[in-house]
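The values are calculated or read from the model by the stated rules, or taken from the named source; none is laboratory data. No experiment lies behind these values; they were computed from the predicted model shown. As a convention, Cβ positions derive from the backbone with ideal geometry for all residues, glycine included, and neighbour counts pool all protein chains shown.
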Amino acid sequence: MDPAPRATCFCRVCELAREKGIPHARTGCSLFVDDAKLLFDTPEEVRLQLNRERIRDFDHLILTHWHPDHTHGIRILEQVNWNFAEGKPFKAPIKVYISAQQQEWFKKYSCGAFLDFYVKRGMIEIVPMEHKKDIVVDDVTIRPYLIDHTKGFCFVITKADKKAVYIPCEYHHVIPDPEIKNADIFIAHNLFWENKEISPRKNPPVDEDSFEEMLKHADAFGTKKIILTHIEESFQLDHDEMNEKMKRYYPDYDVQAGYDGMKIVL
Ligand SMILES: [Zn+2]
Ligand SMILES: [Zn+2]
Ligand SMILES: [Zn+2]
């Protein structure tokens with residue numbers, strides 16, 4: 001994804017992001033589940049994100065898939081669990097959850113071999129992520145559902161009677177699992193709007209799920225409350241404009257654009 005401001009771009013959206021900062025300025029796609037001290041993904045700017053939000057520690061990291069925009073901040077594991085002065089980890093290994101397929105691709109196409117090195121140093125422990133194999137941390141349960149077409153995942157995060165659905169990327173040909181019902185909120189990746197009045201983006205991908213299809217998925221999950229994530233500079237919409245247009249064209253849904261530092265309380 002292209003965060004804003006995009007280097008070397010001086011369009012209206014990027015200039016507004018430079019001038020006003022958050023919410024118009026955006027960094028990469030991540031999510032921190034505070035009750036579980038669990039981080040989803042390590043975009044390039046993850047160090048800045050953790051500092052900005054004053055996150056004190058995490059023991060669990062889910063790598064949703066290998067793509068560079070979700071993994072190229074992987075060296076954050078060194079900051080969190082390698083004591084350079086003493087040449088040993090600060091604490092017990094951080095649990096890193098990744099599927100076998102995504103780990104293979106991460107190694108083949110990117111810097112995934114770092115994970116082996118971190119395991120050897122005792123900084124992390126790899127936990128293979130599998131379809132419907134629950135990740136349980138204290139009273140939070142995260143169930144990953146495989147998106148077969150992309151080998152990415154849809155995550156259902158549950159605590160007591162609260163439920164969030166999170167699909168951060170690989171949102172192509174998603175078939176909502178009928179098991180997922182009564183979600184309080186859906187945090188969804190967005191690629192493009194079929195409604196051209198919203199975004200002037202040219203040549204949107206034709207074989208991927210649109211915003212409008214995502215609304216149908218939200219219906220299947222039983223929620224009208226949606227937060228968009230993975231928001232691209234190429235949409236050419238500033239934060240307020242995006243919210244205003246979604247409200248105007250899709251008034252039946254409580255849908256809003258996520259932003260850096262957004263806190264979601266269920
Ligand atoms: Zn721009
Ligand atoms: Zn992505
Ligand atoms: Zn991706």
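Tallying residues that are touching a residue at least 40 places away in the same chain (Cβ under 8 Å) and either within 11 Å of ligand 1 (Cβ to nearest atom) or within 12 Å of Glu233 (Cβ to Cβ) (or both) within segment 18-27 yields 4.
Annotation: of all residues in segment 88-128 being small (Gly, Ala, Ser) and closer than 16 Å to Arg75 by Cα, the one that is surrounded by the fewest Cβ atoms within 10 Å (Cβ to Cβ) is Ala113. Residue count for segment 168-178 satisfying the condition of being in contact (Cβ under 8 Å) with a residue 40 or more places away in the chain and more than 11 Å from ligand 3 (Cβ to nearest atom): 3. Among the residues here, Phe32 qualifies as closer than 30 Å to Phe192 by Cα and either in contact (Cβ under 8 Å) with a residue 12 or more places away in the chain or within 16 Å of ligand 1 (Cβ to nearest atom) (or both). In segment 244-259, the residues that are in contact (Cβ under 8 Å) with a residue 24 or more places away in the chain reach residues that are of a type in the set (S, T, N, Q) with C-beta atoms within less than 8 angstrom, at least six apart or across chains, in these pairs: Met246/Gln256; Tyr249/Asn195; Gln256/Asn243; Ala257/Asn243; Gly258/Thr229. Right, Leu237: within 16 Å of ligand 1 (Cβ to nearest atom) and either of a type in the set (A, V, I, L, M) or in contact with a Leu (Cβ under 7 Å, 6 or more places away or on another chain) (or both) or not? Yes, satisfied.
Test Thr8 against the criterion of being in a loop (DSSP other than H, G, I, E, B), touching a residue at least 40 places away in the same chain (Cβ under 8 Å) and either polar (S, T, N, Q) or out of contact with any helix residue (DSSP H, G or I) (no Cβ under 8 Å at 6 or more places or on another chain) (or both), and give yes or no. For Thr8, the condition - in a loop (DSSP other than H, G, I, E, B), touching a residue at least 40 places away in the same chain (Cβ under 8 Å) and either polar (S, T, N, Q) or out of contact with any helix residue (DSSP H, G or I) (no Cβ under 8 Å at 6 or more places or on another chain) (or both) - is not met. Among the residues making up segment 218-262, those that are closer than 27 Å to Pro5 by Cα, of a type in the set (A, V, I, L, M) and not in a strand (DSSP E or B) are Ile231, Leu237, Met242, Met246, Met262. Screening Phe211, Phe221, Phe153 for residues that are within 16 Å of ligand 3 (Cβ to nearest atom) and either under 19 Å from the mean Cα position of the chain (by Cα) or at pLDDT 95 or above (or both) leaves exactly one candidate, Phe153. Residues in segment 136-152 that are within 16 Å of ligand 2 (Cβ to nearest atom) and more than 13 Å from Ile175 (Cβ to Cβ): 1 in all.
Looking across segment 62-73, the residues that are surrounded by fewer than 23 Cβ atoms within 10 Å (Cβ to Cβ) and out of contact with any Asp or Glu (no Cβ under 6 Å at 6 or more places or on another chain) come down to His67, Pro68, Asp69.
If you check Asp59, Asp34, Asp69, Asp2 for being away from ligand 2 (no atom under 16 Å from the Cβ) and within 23 Å of Gln102 (Cα to Cα), only one passes: Asp59.
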